[in-house]
Amino acid sequence: CACLCVCVPVCVCVPVCACVCGLAWSTLASGGSALDAVEQGCSWCEVAQCDGTVGYGGSPDEHGETTLDAMIMNGDTMEVGGVGDLRRIKSAISVARAVMEHSTHTLLVGESASIFAQNMGFLSEDLMTNRSLSLHWKWLQNKCQPNSWKNVSPNPETTCGPYKPIKELGSKQHRVSAYRANVHNHDTIGLIAIDKFGSIAVGTSTNGQIHKIPGRVGDSPIAGAGAYADSTAGAAAATGNGDIMMRFLPSYQAVEYMRMGVDPITACQKAIRRIQKYHPNLFGAIICANKTGSYGAACSKSPGLDQFHFMVYNPEMGSDQTVDCI
């Protein structure tokens, strides 16, 4: 299941991430800002390596290296900080916040993002672990299956690279099926927080799609795709096949629906259905919260995804919730 939370004077999260929501809520309850709650919650998940899909030691790329994507957004000022393909730095969400607070940029990527992080005082260290090295070795032994190549030679469905483009595009023999690409996708921690002043913040963190082509950046650090926040309307965060979802900006779309008065559940569903028109078997989900703290979620029914789990957390209770995919 994916890891998406909403912390309002309520908090929402997936069961495996109950500690994330609890920590985020504690940050809000102790007087911390919505931004603080988002950073603290996502940071906890990065250290705990939630589901192996967040933080160091998971989802190695084709070279066996773990890289990180993260984003944080201030719904009061509309400022955003993001990092993509971050190498050798464990605290991706905190680096993203540093991009937002200590530069005029929105997104830094690759080696240059790592150098920025080191200049900001973050420790450089190896993100690979015995687990990630084992995952990479097994992938190599399995003839590099699955992978993200298409229209190349040799046939990526039976052989490892290096690959070269084929002259006749569209050859069925060399195309990766949408089904396979979806099933082997990944999860993301997404966290929405609304503090006592009504300020909204949102953040995401992930180690991306497993066995990705080096240099690939998914939807998670892209404002409007992986997440979006506007304190005058609400916020949303997404998970799933980021290469598809980023083309439709579902988080931005859902927030705009809520701005027009659409309730959060319907806003989430409409954002998902818009993508399904082009990708009926989409592997993805989205969670929404409006400015009053009402929340909702929706997911696209696909192989391996029939329901989506998240947790609501507020001063009175923590409640595991489930939605059936559409």
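Share of carbon and sulfur in the accessible area of the chain stands at 53%, probe radius 1.4 Å.
For the chain, a Gaussian network of Cα nodes joined below 10 Å ranks 45, 21, 160 by mean-square fluctuation, and the top entry is 160. Each Cα pair of region 68-140 feeds into the Kirkwood radius, which the Stokes-Einstein equation turns, at 25 °C and 0.890 mPa s, into a diffusion coefficient of 191 µm²/s. Only one residue of 253, 292, 94 has its Cα farthest out toward the positive end of the dipole of the chain, where Lys and Arg carry +1 and Asp and Glu -1 on Cβ, and that residue is 253.
Rounded, prolate or oblate: which fits region 29-160, taking a ≥ b ≥ c as square roots of the Cα gyration tensor eigenvalues, rounded meaning a/c under 1.5, else prolate when a/b beats b/c? Because a/c hits 1.5 or more and a/b exceeds b/c, region 29-160 counts as prolate.
Excluding the site residues themselves, the longest part of the chain lacking any chymotrypsin sites (Phe, Trp or Tyr not before Pro) in a DSSP loop with at most 13 other Cβ atoms within 10 Å is 1-196.
For region 115-165, rounded, prolate or oblate, judged on the Cα gyration tensor with a ≥ b ≥ c (square roots of eigenvalues), a/c < 1.5 rounded, else prolate if a/b > b/c? The shape class here is oblate. Placing unit charges on each Cβ (+1 for Lys and Arg, -1 for Asp and Glu) gives the chain a dipole about its Cα centre, and among 163, 22, 235 the Cα reaching farthest toward its positive end belongs to 163. A Cβ-based charge dipole, computed about the Cα centre of the chain with Lys and Arg at +1 and Asp and Glu at -1, lands at about 1180 debye. Potential lengthening of the chain between residue 263 and residue 48 amounts to 74.1 nm, from the contour at 0.36 nm per residue minus the alpha-carbon distance. Note on residue 104/residue 307: beta-carbon distance plugged into 1/(1 + (r/R0)^6) with R0 of 41 Å gives a FRET efficiency of 0.45. The C-alpha atoms of the chain define a longest principal axis, and helix 92-102 lies at about 60 degrees to it. The residues of the chain expose on average 41 square angstrom of accessible surface per residue, using a 1.4 Å probe on protein heavy atoms.
The values are calculated or read from the model by the stated rules, or taken from the named source; none is laboratory data. Please read these numbers as outputs of a predicted model, since none were measured by experiment. Cβ coordinates were reconstructed from backbone atoms using ideal geometry, including for glycine residues, and neighbour counts include every protein chain displayed. The accessibility values were calculated without ligands, DNA or RNA, using every heavy atom of the protein model including side chains. Shrake-Rupley method; radii C 1.70, N 1.55, O 1.52, S 1.80 Å.
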